[in-house]
Amino acid sequence: MSNEILVFAEQQSRKITRPAWEAVAAGQKIAADTGGSVTLIVLGAAVSVLASELAAGESSGVLVVEAPALAEYTPDGYARALAGVIRSRQPRYVVFSHTYQVRDFAPKLAAALGVGFISDCLGYHNESGRLIFVRQVFQGKFNADVEFTGEAPYLVSFQAGSFREDSVRRGAAAASVSTVAAEVAPDQVRSKPGERFREAKQAVDLTQAEVIVAVGRGIKAPENIDLARKLADALGGELGASRPICDGGWLPMDRQIGSSGQTVAPKLYVALGISGAIQHQVGMKGSRNVLAINKDREAPIFEVATYGVVGDLFEIVPPLIEEIRKSKAG
Amino acid sequence: MKIVVCLKQVPARDSLLRLNPAGTWIQETDISFEVNEPDIYALEEALRLKESQGGEVVVCSLGPARAQQAIKEALAKGADRALHLDDPAFAGLDSFGVARVMARALETEKPDLIVTGLQSDDFGAAQTGVILAELLDLPHSTIIMAIEVQGGAIKVKRELEAGFFQFIELPLPALLTIQSGINKPRYATLKGIMAAKNKPLKKLSLADLGLLAGDLAPKQRITRVYVPEKRANTEFFEGSGKDIAAKLVDKLKNEARIL
Ligand SMILES: Cc1cc2nc3c(=O)[nH]c(=O)nc-3n(C[C@H](O)[C@H](O)[C@H](O)COP(=O)(O)OP(=O)(O)OC[C@H]3O[C@@H](n4cnc5c(N)ncnc54)[C@H](O)[C@@H]3O)c2cc1C
Ligand SMILES: Nc1ncnc2c1ncn2[C@@H]1O[C@H](COP(=O)(O)O)[C@@H](O)[C@H]1O
């Protein structure tokens, strides 16, 4: 077993993405804490230009794993190529960012290798070189400390924003780049991926709104959305929503805020009856001010709130609308 | 088409969750359980495929006796039969262990399609379906928002970040993890509830599946569960609705400068 920390640098459409650098930051920190060395790995077909970009990060080397069958991402292709590399190098940790792509193949990779994968972590505690990973459970109501029990290699992914791109250490000189051919034949890839696309142009662009009043499942029924609309009108803002509200058709999809919806940063974001799951938070935590009204004091939304009210939104919002109207009139 | 749906029971959304005395999980007594949300959508998708393609829908749930409630709901909505994987040795398994047991139970079923939820609302590993696909050597795709059958293959719509999607073609048999919102789930009818009483429900234990406890050795272990530390700088407002409203308006006007 080596002391290598292998970092998976995700590329999308032949571009190194922010999650890739966040994974590099995580890998560098783990290496510093465990006395290991960092190797960055990028997969694809003819991606050596990406390797030189990655080589700017401090590491003991960048490994380019290439095959024509890796030209487009598929779980079969990626899991097979990485399994080959991991079997031969026997790293101690393999570090990922918890992206849609990683969710799609990393559990398969772990199962193929017969090793553990602790997914979607916020960070870790270092107990004399033994790493205990921290992750959210019960949609953010609690945190759990989780440790690996079997043999290394250990696979671990970190939630977006757990490590920062700007904390990546740059090397004094570019790291060395080596290229290996992946053992993936075209007929071993069973799925055929199509192009990425977006649905027809969205009717509302919430990214420009100065005030957003967003509703979550705490609004209880579609007819109650009118209350939120009145608050939005009083504030001169737009309506937004958590995913379940759009899933249920209570508001159109283009009002959805979060990892699978829009990312917004208004001056004021009002969260009414929204628990604040990470997938929602990533879409709104850049807001200048957040007012959260939620009857559960433990709701994770309060972690990103400037102003908080623990209570029933149906008791708070009507007088709030009233007071805002008064203030505007006066 | 033979479709297997994996259903997990999780604590009901509005339960007041408390930690167990050891601080290693939640206290599971005195709370109610419900079917994991995306799994409800997965079941609906399976029922619709059966209605358009013919075939049968088999429900598979691993959990203690209470999991039969989830199974009965699925049978009442129209699933044809169920496998209940229940053994004291199955308590507290990680995703790998759960997938290992399910793989053994489904080996002989040879379904054309397996659908799972994309993630459980309790531990939230988002791994079980994908591991199961690997153990059964099936192609898979995750976070699916539409399924179209094209002869011996399927074309699925996979959700990507930030409002992007992608179509993917897969040969059958295959496994898909389903995202909430893919369809409008149905409710059980009274007739369905009556019919469910006579539908086959097979219980399978560790021994029935020819497994040994050692086969399910965990690859990860929870050492502690706790309330996360709160960010200290949220300013909370208390009082009557009217008091709070007045204080908030003051803040919005003089501090946030919105009004
Ligand atoms: C891959 C993936 C992508 C996702 N993408 C997104 C996304 O883009 N956007 C998104 O929002 N979610 C997304 N989700 C879902 C996310 O994980 C949560 O399930 C969702 O955000 C929860 O919505 P909610 O807060 O409205 O509902 P809940 O979590 O059910 O919260 C409802 C809240 O309302 C409160 N409440 C109830 N009644 C009242 C009352 N009378 N007064 C005040 N408060 C009350 C409750 O205390 C609770 O906190 C995604 C999930 C996955 C797995
Ligand atoms: N005990 C279980 N019984 C049946 N299905 C399960 C079980 N655990 C997980 N699953 C399935 O796997 C999906 C993902 O769960 P997880 O990997 O725990 O996030 C769930 O949505 C279920 O469809």
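How large is the accessible surface of A:TRP250 in square angstrom, using a 1.4 angstrom probe and rounding to the nearest 10?
80 Å²
Which of B:LYS202, B:LYS242, B:LYS110 moves the most in a Gaussian network model of chain B with Cα springs under 10 Å?
B:LYS242
What FRET efficiency comes out for the pair A:PHE197/B:ASN20, r = Cβ-Cβ distance, R0 = 56 Å, nearest 0.05?
FRET efficiency, A:PHE197 to B:ASN20: 0.75.
Keeping every protein chain present and rolling a 1.4 Å probe, give me the accessible area per residue for chain A in Å².
Normalised by residue count, the accessible surface of chain A is 39 Å².
Compute the distance in nm between two label points, each set 7 Å from the Cα along the Cα-to-Cβ direction, one at B:ALA12 and one at B:PHE236.
2.6 nm
Multiply the residue gap between A:VAL204 and A:GLN188 by 0.36 nm, knock off their C-alpha separation, and tell me the result in nm, one decimal place.
Stretched fully, the A:VAL204-A:GLN188 segment lengthens by 1.5 nm.
Give the relative contact order (percent, whole number) for chain B; include only Cα pairs under 8 Å separated by 6+ residues. Kindly include the intermediate steps, with their values, before the conclusion.
Numbers: 474 pairs, mean separation 59.6, N = 259.
Relative contact order for chain B comes out at 23 percent.
Could you tell me the accessible area of A:VAL211 in Å² (1.4 Å probe, neighbours in place), rounded to the nearest ten?
10 Å²
Indicate the residues belonging to segment B:149-181 that lose 40 Å² or more of solvent-accessible heavy-atom surface (probe 1.4 Å) upon moving from the chain alone to the assembly of all protein chains, ignoring ligands and nucleic acids.
B:ARG158, B:GLU159, B:LEU160, B:GLU161, B:ALA162, B:GLY163, B:PHE164, B:PHE165, B:GLN166, B:PHE167, B:GLU169
Applying 1/(1 + (r/R0)^6) with R0 = 35 Å to the Cβ-Cβ distance of A:ARG130 and A:GLU223, what FRET efficiency is obtained, to the nearest 0.05?
Efficiency, rounded to the nearest 0.05: 0.05.
Treating only the Cβ of Lys, Arg, Asp and Glu as charged (+1, +1, -1, -1), what charge dipole size does segment A:275-329 show about its Cα centre? Round to the nearest 20 debye.
300 debye
Which shape class, rounded, prolate or oblate, goes with segment A:73-140 when its Cα gyration tensor gives a ≥ b ≥ c as root eigenvalues, a/c under 1.5 marks rounded, and past that a/b bigger than b/c marks prolate?
Numbers: a/c = 2.61, a/b = 1.34, b/c = 1.95.
Taking the square roots of the gyration eigenvalues as a ≥ b ≥ c, segment A:73-140 is oblate.
For the protein assembly as shown, with the dipole built from +1 on Lys and Arg beta-carbon atoms and -1 on Asp and Glu ones, taken about the Cα centre, which of A:GLY248, A:LEU109, B:ALA207 lies farthest toward the positive end?
The one lying farthest along the dipole's positive direction is A:GLY248.
Quick one: check the C-alpha center-to-center distance for segment B:204-225 versus segment A:212-263, whole angstrom.
When both Cα centres are located, 42 Å separates them.
I'd like to know which of A:ALA271, A:SER259, A:SER191 lies farthest towards the positive end of the charge dipole of segment A:151-301, counting +1 on Cβ of Lys and Arg and -1 on Cβ of Asp and Glu.
Farthest towards the positive pole: A:ALA271.
In whole Å, how far is the Cα centre of segment B:1-55 from that of segment B:145-201?
One Cα centre to the other: 15 Å.
Rounded to whole Hz and in sequence order, give me ³J(HN,Hα) for segment A:103-108 from the Karplus expression 6.51 cos²θ - 1.76 cosθ + 1.60, θ = phi - 60°, writing x for Gly and Pro.
4, 6, 10, 4, x, 5
What is segment B:63-111's relative contact order, in percent, from Cα pairs under 8 angstrom and six or more apart in sequence?
Worked out over segment B:63-111, it gives 37 percent.
Enumerate the calculated ³J(HN,Hα) couplings along segment A:135-152 in order (Karplus 6.51 cos²θ - 1.76 cosθ + 1.60, θ = phi - 60°), each rounded to whole Hz, writing x wherever the residue is Gly or Pro.
Karplus values, whole Hz, x for Gly and Pro: 9, 7, 10, 6, 6, x, 5, 10, 10, 10, 8, 10, 10, 6, 10, x, 8, 5.
I'd like the distance between the alpha-carbon centres of segment A:1-62 and segment A:132-184, rounded to an integer number of Å.
10 Å
Check which residues have an amide H placed less than 5 Å from B:LEU85's amide H, if you skip close sequence neighbours.
Residues meeting the amide H criterion: B:SER61, B:LEU62, B:GLY63, B:LEU204.
As a test of reading the structure, rank A:SER59, A:SER119, A:SER128 by solvent-accessible area (1.4 Å probe, protein chains only), most first. Numbers along the way, then the final one.
Values: A:SER59 30, A:SER119 0, A:SER128 125 Å².
Solvent-accessible surface, decreasing: A:SER128, A:SER59, A:SER119.
What nm value, rounded to one decimal, do you get for the distance between B:ALA195 and B:ALA162 when each label is placed 7 Å out toward the C-beta?
4.6 nm
For segment A:216-287, just say rounded, prolate or oblate: build the C-alpha gyration tensor, square-root its eigenvalues into a ≥ b ≥ c, call rounded for a/c under 1.5, and beyond that prolate if a/b exceeds b/c, oblate if not.
On the way: a/c = 1.67, a/b = 1.12, b/c = 1.49.
Oblate.
So for segment A:11-64, taking the charge dipole from beta-carbon charges (+1 Lys/Arg, -1 Asp/Glu), which of A:VAL24, A:ALA55, A:ALA45 sits furthest toward the positive end?
Highest projection toward the positive end goes to A:ALA45.
Can you give the accessible area of A:THR263, probe radius 1.4 Å, in Å² rounded to 10?
Roughly 90 Å² of A:THR263 is accessible to a 1.4 Å probe.
Using the Karplus curve 6.51 cos²θ - 1.76 cosθ + 1.60 with θ = phi - 60°, work out ³J(HN,Hα) for each residue of segment A:283-299 in order, rounded to whole Hz, and write x for Gly and Pro.
Calculated HN-Hα couplings, in order: x, 9, 6, x, 5, 5, 10, 10, 10, 10, 10, 8, 7, 9, 4, 7, 4 Hz.
The values are calculated or read from the model by the stated rules, or taken from the named source; none is laboratory data. No experiment lies behind these values; they were computed from the predicted model shown. No Cβ is skipped: glycine too gets one built from the backbone with ideal geometry, and neighbour counts run over all protein chains shown. Heads up: the accessible areas ignore ligands, DNA and RNA and are worked out on the full protein's heavy atoms, side chains in. Shrake-Rupley method; radii C 1.70, N 1.55, O 1.52, S 1.80 Å.
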